[in-house]
Amino acid sequence: MSERPNASYTQSDALAHAGEVAQWAVMLLGWLWLGEQGMRLGWSVASGVLAVVLWWAARLMCRGSAWALQAGAWRMGVCGLLTACGVWLPSMLAAWDMAHWGLLLVALLWGAWSGLVETRSRVSTFQMGLLAWHPVLAGCLVAVAWHLSGGESDTPWGVSLLLALGAAVLHARDRCTVQPMSACWGPRVGWAVLLTPSAMGLMMGSLWLGNVWCAGLGWRTETMVVWHLALMAGAPALVAWTWRWKTPAGQQTPTWHEKRAHLGFCVSLVLLALGALMLWGQSAVHGVLAMLLPSLAWAVHCVRPRDGRGALSQLPPWLARTTALLLGPGLLLWVGWLSPTYGPAAMQMAMALLGGLAALQALFLWWRRPALQPAWFTP
């Protein structure tokens, strides 16, 4: 989600909560439906993950851009409505053997809309109440929409209706927000912030490749989809509740927030590195841990403070955006391209790269902040 820190805003509480659910639903449905349709249409280029790659790249390019910051509520609504109608484009172009080209066009539009939504979000989901229920409800709605669309069917009624509803809610939320947009922290992040979203994106983007996560577990398609939605939507909510429950009362000083942010970065990086090691095991336990550990790293990443504290350094916007594109969509494209030849080894190598970078970054954070280490373990 957007890296923008908390800001005061004026809008209905109910509309704010509904907007968060819609924002999560748009993101989760993009991972699920675009990847499924890419595999269903069977295009040989990059094993069918090209639609997810384009959607992911468009999100990163549009998030925090001047186009998104200067957009009005009408642009939010139009982009969402066009996306909701555009999911029918592949089936309409199937008669001319251009269904996959239609899917790629929808992916670009959907990605631009997602980047716009994430840029203009004023508040983090995990700071809106005691329990972050928004991603859980969004995951349930996405599962229902996917089921109503018939899985591999080319009549996406459920997907189109959910996107249209999300577009209406997000348009209303943006229209009722009176504070103008001035900045977004998304393009100004550091290495520690880029690695865990890239790993989770690889896992979601390669969902339909039958890769090393699911191939050895013998899961049915429905079970695989439910588990991936639960990991991406449910794990952050659970970690946020646990983290809030362990928050020391009366100690939320700026120094404490900085220590908490630093701890969150280190924990997520260590979990990511351990998850990459699990991919080299052959048992079902290794397969489950290879899914669970990066997902927990993603969850810790999501619930951390969004003001950039604890990361030590921030990359220039152009370098951060380029790095995010290479470690995210670029790496997924590489995995899709090599999967027909190397099978699960392509994903293992990609995750090994991210795990190695995460281990090095965790060691760097530990070495740069030795004065904070004893405070992490203070009860």
Using θ = phi - 60° and the Karplus curve 6.51 cos²θ - 1.76 cosθ + 1.60, what whole-Hz ³J(HN,Hα) does each residue of the stretch 199-204 get, with Gly and Pro shown as x? 5, 5, x, 4, 5, 6
Under a crude label model (7 Å from the Cα following the beta-carbon direction), how far is Tyr342 from Leu69 in nanometres? 3.9
Can you tell me the order of 54-61, 105-112, 70-77, 13-20 when each peptide is scored by its average per-residue count of other Cβ atoms within 10 angstrom, highest first? 54-61, 105-112, 13-20, 70-77
Efficiency by 1/(1 + (r/R0)^6): what FRET value for Trp367 and Thr322, r their Cβ-Cβ distance, R0 = 25 Å, to the nearest 0.05? 0.45
Spelling it out for Ala132: with amide H atoms placed in the peptide plane at 1.01 Å from N, the residues 5 or more places away or on another chain with amide H under 5 Å from its amide H are Trp241
What is the distance in Å between the Cα centres of the stretch 61-127 and the stretch 260-278? 31
Which order do peptides 91-102, 155-166, 195-206 fall in by mean Cβ count within 10 Å, highest first? 195-206, 155-166, 91-102
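Computed from the coordinates by the stated procedures, all read-outs in this text should not be read as laboratory data. The shown structure was predicted, so the numbers you read here are calculated from the model rather than taken from an experiment. All Cβ positions, glycine included, derive from the backbone under ideal geometry; neighbour counts span all protein chains shown.
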